1. If you go through segment A:167-181 one residue at a time, do you hit one that is among the polar types (S, T, N, Q), within 9 Å of ligand 1 (Cβ to nearest atom), within 28 Å of A:Phe289 (Cβ to Cβ) and within 14 Å of chain B (Cβ to nearest Cβ)?
2. Mind checking which residues of segment A:215-234 are in contact with a Lys or Arg (Cβ under 6 Å, 6 or more places away or on another chain) and either part of a helix (DSSP H, G or I) or over 15 Å from A:Val176 (Cβ atoms) (or both)?
3. Residues B:Arg117, B:Arg174: which one is assigned to a helix (DSSP H, G or I) and not assigned by TED's automatic domain parsing to the domain that holds B:Leu52?
4. Could you check how many residues of segment B:59-92 are more than 18 Å from B:Phe166 (Cα to Cα) and either more than 16 Å from ligand 2 (Cβ to nearest atom) or not assigned by TED's automatic domain parsing to the domain that holds B:Glu14 (or both)?
5. Identify the residue in segment A:352-368 that is within 13 Å of another protein chain (Cβ to nearest Cβ) and near ligand 1 (Cβ under 10 Å from one of its atoms) and, among all such residues, is farthest from A:Gly90 (Cα to Cα).
6. How many of the residues in segment B:52-81 are in contact with a Phe, Trp or Tyr (Cβ under 6 Å, 6 or more places away or on another chain), more than 13 Å from B:Val103 (Cβ to Cβ) and either part of a helix (DSSP H, G or I) or within 16 Å of ligand 3 (Cβ to nearest atom) (or both)?
7. Just checking, which of A:Ser200, A:Ser211, A:Ser162 is outside any strand (DSSP E or B) and either more than 20 Å from the chain's Cα centre (by Cα) or not assigned by TED's automatic domain parsing to the domain that holds A:Leu130 (or both)?
8. Which of the residues spanning segment B:37-46 are away from ligand 1 (no atom under 16 Å from the Cβ) and either crowded, with 24+ Cβ neighbours inside 10 Å or among the basic types (Lys, Arg) (or both)?
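The values are calculated or read from the model by the stated rules, or taken from the named source; none is laboratory data. Small disclaimer: the values here were computed from a predicted structure and weren't measured. Cβ placement follows ideal geometry from the backbone for every residue including glycine, while neighbour counts extend to all protein chains displayed.
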Amino acid sequence: MTPGNHPIFRKVIPMKEGLVQDLQEIVGEDAVRDDPADLYVYGSDSSVHCALPWAIVRPGTVEEVQEILRYANSNGIPVVTRGAGSGMSGQAVPIQGGIILDMKRLNKILEISPENTYVRVQAGVVDDDLNRALKPYGFMYPPAPASSRIATIGGEIANNASGTRSVKYGATRDCVLGMKVVMADGSLVNLGSTTRVEASGYQVDRLMVGSEGTLGVIVEATMKIVPIPKYRCMGVACFNELEEAGDTISEIIASGTQPSVLELMDNVAITAVNTAIDLGLPDVEALLFIEADGNVKEAVDYEIERMKEIAEKYNAFGIDISYDAEKRTKLFKGRKKLFASLSRYKEGYSCTSLADDMAVPYSRMAEMARKIHDIADRNDVIMTAYGHCGSGCVHTKILMDPTRKEQWEGARNAVREIYEYVRSVGGTTSAEHGIGLSKAPAWKKEKQDSLEIIGAIKKALDPNNILNPGKLQDAPDDWLTATDLRYKAE
Amino acid sequence: MTANFKDLEKWSPELNICIRCGYCYELCPLYKAHPWESDTPRAKMLLVYGLLTGDLEPSQHVAEKISECFFCKNCENNCSANVPVTDIIKEAKAALAEAGYEVDRTASTVDEDLCCRCYTCVSVCKAEAVEPDEDGQPVVDPVECEGCGVCAASCPSGAISQKDGFGVSREELRQLLLDTLRKGAQVE
Ligand SMILES: Cc1cc2nc3c(=O)[nH]c(=O)nc-3n(C[C@H](O)[C@H](O)[C@H](O)COP(=O)(O)OP(=O)(O)OC[C@H]3O[C@@H](n4cnc5c(N)ncnc54)[C@H](O)[C@@H]3O)c2cc1C
Ligand code: SF4
Ligand code: SF4
Ligand code: SF4
């Protein structure tokens, strides 16, 4: 390797002599890279973090994954598994160097079984590709994270991703039936089953959900699929007060109504999508997207009508309801593009993935939305409240001028204050985007009672600490100095 | 910062606006041919950022990773942050070429021995990348060439070609056609 002279490369911990050749022996010459350009690229994901690996390897078979882990384990080399690198908290950023295990070659759909309502896939299959393949069978893989266009099933399991449809169909963990995992020592284990129910001892497959590559490498997964409903009816409700939208969400859920989508967008989010992609959303304080689905139209109408009534009780207006698939697709597209659109909210500001998702009890939704803006104002940054609120999830982002150091100090305070509030009301650090590096300080506080158990599990499954080391419970206490930032601030 | 890349500094705000979501890459034909993260549009933006901040030293490999592009704009048409990806690639290509690196991998080349100097290529090229040199021989400017292949397809002498390895050379297209026909026959 001929790293550059810049500090970012000098920081690379000396790698094992002959590493690249050893890896090439396992996977072949073309499936290993260590050029500075590749290391630089694979050192980032969608988070604010950046740290360089020593080499990137792209295994083509499960046996190769096993061989790589056997080798890494006996040589004490860190292995950071990577799907699409769409993680927002630095989960796939190799903070201690080592090997990046790029899973995207393991991208085969192995079995589609409509009669058993499951699908068996390799970990590198992209979510949207899976849904495209399921469509002709009349089925879907339901969680639908906004990043479905790129995120891999392995990455979604490792982060317990969820999305617009999780309010009705559950998060990734609710779809996992079984999986094959390569453990730190290279052994291959079968976890879970192919059946919908299982009460056969420890649910070790569930342990892998949300493990962020620290306990094993998921190589294959059996996931629940559901028939695509015949009718989908979507509505958009406008509010002049953010809190009223929040109250609507909690009442819809508490009323036993079954939305298939219940999404919030505040004015910052609305302005951003309208500016960036000209979606023409009404310029109001908050919008709520509501959807009901099912095979009986009258039942769908009934659910939508109930949601509408509740929204109206909280002064919603301009409620536009429609079965038009084209309209729905357009709105969903806008929603999926929200994160990037936020970067266009204000000239000179960028959208950074910080304090990006959390969950609070439904009754706190309205208060949370207001709190986000108060905290942002105090710290001279802009924040937004949006997300799959029907499942309790609230997304924010921090919009700031990333080239100014004091903005980062403001961001650090804002993140701390937000999470103090979330903890105080019994919420959780991450609803779906995972912990990685940037949410680790808050998460460690939230989980302080169970950190010992978590540490013991990690030690038992990965005694040499090779799997994504320095993350979750082992992540640094200050996210801002944990790695280089992907932005240059002065 | 290396003097050569000073001109790229103006893209710094746009590169900060890129949230690195990766929405641009599943649709990139270059990535389909070279499925490494380093071959994605998102990576190109990162590499340019690395060059202009000085984090990354320029090299032939960096030049190739940035400049290999068909300018189809699938990336920027799908980028909700509206990052002008291809404008940035084009200017980075120019800067890298000026610094002495080759940026011609996805560009067309004219075989002088086969060329009949009809200048069809000059008139069909929307990027104005083919010009006759002082001897009247059409030459492709690798910085301006967007690798669209229109010149190669319209050259009556078969004098223009694109390189192997990106799925667009004559031989690769022939193979693709054969495979498709064979697949069709099997289905029958
Ligand atoms: C624009 C945008 C929108 C998003 N919207 C959502 C959303 O709506 N909902 C949501 O939940 N998330 C969302 N995310 C976050 C992200 O897409 C998810 O966390 C996703 O699950 C990550 O998948 P990935 O393949 O990119 O994983 P990566 O980012 O590559 O990896 C993430 C973590 O998973 C581990 N990992 C990856 N593959 C494996 C494997 N095979 N075995 C073991 N560990 C593995 C890695 O080691 C790492 O710790 C969004 C991200 C972006 C950029
Ligand atoms: S260029 Fe656009 S689509 Fe691509 S990673 Fe950046 S923000 Fe996302
Ligand atoms: S313009 Fe270039 S980088 Fe963008 S999608 Fe097309 S080939 Fe890829
Ligand atoms: S490949 Fe396209 S852009 Fe390049 S010279 Fe030919 S016509 Fe012009």
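1. Filtering segment A:167-181 down to residues among the polar types (S, T, N, Q) leaves A:172.
Restricting the remaining residues to those that are within 9 Å of ligand 1 (Cβ to nearest atom) gives A:172.
If we keep only those that are within 28 Å of A:Phe289 (Cβ to Cβ) too, we end up with A:172.
Those still in the list that are within 14 Å of chain B (Cβ to nearest Cβ) too: none.
No, because not a single residue in segment A:167-181 is among the polar types (S, T, N, Q), within 9 Å of ligand 1 (Cβ to nearest atom), within 28 Å of A:Phe289 (Cβ to Cβ) and within 14 Å of chain B (Cβ to nearest Cβ).
2. First, pick out the residues of segment A:215-234 that are in contact with a Lys or Arg (Cβ under 6 Å, 6 or more places away or on another chain): A:219-220, A:222, A:231, A:234.
Of everything in segment A:215-234, those that are in contact with a Lys or Arg (Cβ under 6 Å, 6 or more places away or on another chain) and either part of a helix (DSSP H, G or I) or over 15 Å from A:Val176 (Cβ atoms) (or both) turn out to be A:Tyr231, A:Met234.
3. B:Arg174
4. Final tally of qualifying residues: 1.
5. Taking segment A:352-368 first, the residues within 13 Å of another protein chain (Cβ to nearest Cβ) are A:352-354, A:356.
Pick out the ones that are also near ligand 1 (Cβ under 10 Å from one of its atoms) and you get A:353, A:356.
Values: A:Ser353: 10, A:Asp356: 12 Å.
The extreme case among them is A:Asp356.
6. 2
7. From the options A:Ser200, A:Ser211, A:Ser162, the qualifying one is A:Ser200.
8. As a first pass, look at segment B:37-46 and keep what is away from ligand 1 (no atom under 16 Å from the Cβ): B:39, B:44.
Once the filter is applied, which keeps residues that are away from ligand 1 (no atom under 16 Å from the Cβ) and either crowded, with 24+ Cβ neighbours inside 10 Å or among the basic types (Lys, Arg) (or both), segment B:37-46 yields only B:Lys44.
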